């Protein structure tokens, strides 16, 4: 049902026969005794843009952190681009090199210059020669509009600039999927737009994106689907227009009323 | 409140940057602020001046102007002074200098000790300086230095063998301290990583090792090295005393380094590990490129603190009869020619330790400043 509506909304861009790049089936996760994710089923098509929202503690960050194994799930299966996430370190390595992640706190490496931050993984994981890695890094820094900051250290940049460097750092690994964990929540209001602009540009280039965010403007403009989570469950998933205009569940309505009319 | 805004001489948004108030600058301002700001401060300033006046001139007289630099024994020293025993007899230190530096190292082979010293300076400078051509070669040399030094000092492979019992004085002090310092850092890092490992067996071994070594005084370990260790070894096997002491000193320092480094590792946010993981860096690459450079930077003050501590603790080997600079100096005090010259000896030894420790401390400050790259994340 959801895929149908997605397909109608975006016309020919996505349709049901699109290959699934992420497939999560019956996934559960516990933190100790706390059942944090309950029976998660989620399929993501290639180039699909998904926004995940929900109250804090609903498990949305944990869900996307399971996709690149920053958190380990205990039941069910997660298949990313035909590779299943298991204890096998080899599979984890493959998936991590195809999945980029952007964090709320940027997590740039403060002891390295911007350029070194961006070239680190291409040089040490992809084994690119330094010159080539730097050339590619400058391309991505231009794409996030801060090539002039390449020689500086992260501590000398504003939050918005740091987050854009973090995006460039992930893109340098040429990921097929990008995960964003509340990328604008730690930013001052006037810097949110510069980061969202980069993310919108990225979405338009056809990147598969899963974004945990409360930026409903971004969801409306970019998302193919909005997923609402509460207490570890996926409560509702719909295209953004329907999600905001006609939410079905009471919990969704309550959440929307709280974030839209505060 | 509304007064200030109506009385302001500037329209909103046009206030210029003004220079700071003047009073606090200049030499007189400094004297006024720091020395004469209150009656108590004036009294303390006067007291300090009186103390300096009372202490400095006699000290300078004893140390320098009244001191004797050349003499064959203490009697000649005192004879050369205006009033006997009114100055330092540095002739004692000069006369014993070779012994203090080389111990009993055979005279014809002392060039090897000198070469070891020179290579030591080269390894330090080459290994620590940032902008030096061929940095990689220098680092390899610095890493190989302990083995080159061992070969040069002890001989074999073409050099005349010299027994470890011939080592003494500053040479022995440096051998013990440099070995302890240079091997305890990598071992300590390994222990710190092991203590944070996900593998329970490895973690248990590291915790037990660290807690045991830290729970026992170094002197006890040295006694174990000098006496008990032979019980645990196969009968008839000989295991050099110096070697045993070096191992104990290294293990002792490494337990402390491990805890200092562990503190540094805990100072990093989990986001750094996650970012490294998310980029696909393996455990070793993540630690080498992301985690350890930052953790070690945070740990520099603690690491250098431990280094300085183990450097000075190296004098404890005199308790098991090894003649380091302190042990040798004390033995020399019993020489009938130089009886009663303890102040000269201890000032000399203190100066030797102070210079090396102060250099380490300054270097660490310098390193911290150099590695400062703005706010930590």
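Express as a percent, rounded to the nearest 5, the fraction of DSSP beta bridges in chain A (both residues included) that run antiparallel. Of those bridges, close to 55 percent are antiparallel.
Rg to Rh for segment B:125-242: what is it, with Cα atoms only and Rh by Kirkwood? It would help to have the intermediate numbers written out before the result.
Values: Rg = 18.2 Å, Rh = 17.6 Å.
Across segment B:125-242, the Cα-based Rg/Rh ratio is 1.03.
Going by Cα centres, segment B:69-128 and segment A:86-162 are how many Å apart? Segment B:69-128 and segment A:86-162 have Cα centres separated by 56 Å. What angle do you read, to the nearest 10 degrees and between 0 and 90, between the alpha-carbon axis of helix A:189-204 and the longest principal axis of chain A? Orientation of helix A:189-204: about 80 degrees from the principal axis.
Evaluate segment A:85-145: find the radius of gyration of its Cα atoms, find its Kirkwood radius, and give the ratio Rg to Rh. Working shown, then result.
Working: Rg = 13.2 Å, Rh = 13.1 Å.
Taking Rg over the Kirkwood Rh, I get 1.01.
Net length available on complete extension from residue A:197 to residue A:245 is 14.8 nm, with 0.36 nm assigned per residue and the Cα-Cα distance removed. Taking every Cα-Cα distance in segment B:31-153 and sorting them into 10 Å bins starting at zero, the pair-distance distribution P(r) comes out as 11, 19, 16, 19, 22, 12, 1 percent.
Angle of helix A:130-143 to the longest C-alpha principal axis of chain A, folded into 0 to 90 degrees and rounded to 10: 50°. The distance linking segment B:317-377 with segment B:144-203 is 19 Å (Cα centroid to Cα centroid, whole angstrom). Springs join every pair of Cα atoms under 10 Å in this Gaussian network model of chain A, and among A:187, A:89, A:115 the largest mean-square fluctuation is at A:89. DSSP bridge analysis restricted to the protein assembly as shown gives an antiparallel fraction near 50%, rounded to the nearest 5.
Remark on segment A:21-115: Rg and Dmax equal 14.3, 43 Å (Cα only). Using just the C-alpha positions of chain A as equal point scatterers, what log10 of I(q)/I(0) does the Debye formula give at each q in 0.17 1/Å? After summing over all Cα pairs, the log10 values are -1.41.
So for the protein assembly as shown, Kirkwood radius off the Cα pairs, Stokes-Einstein at 37 °C and 0.692 mPa s: how many µm² s⁻¹?
Values: Rh = 30.8 Å.
Translational D for this selection: 107 µm²/s.
Between the helical axis of A:159-171 and the longest alpha-carbon principal axis of chain A there is an angle of about 90 degrees.
Could you estimate the translational diffusion coefficient of chain B from the Stokes-Einstein equation, with Rh from the Kirkwood formula over C-alpha pairs, at 25 °C and 0.890 mPa s, in whole µm²/s? The partial results should precede the final answer.
Numbers: Rh = 25.6 Å.
Reported coefficient: 96 µm²/s.
The numbers here are math on the coordinates, done by the rules we state, and not lab data. Owing to the predicted nature of the structure, the values given are computational and were not obtained by experimental measurement.
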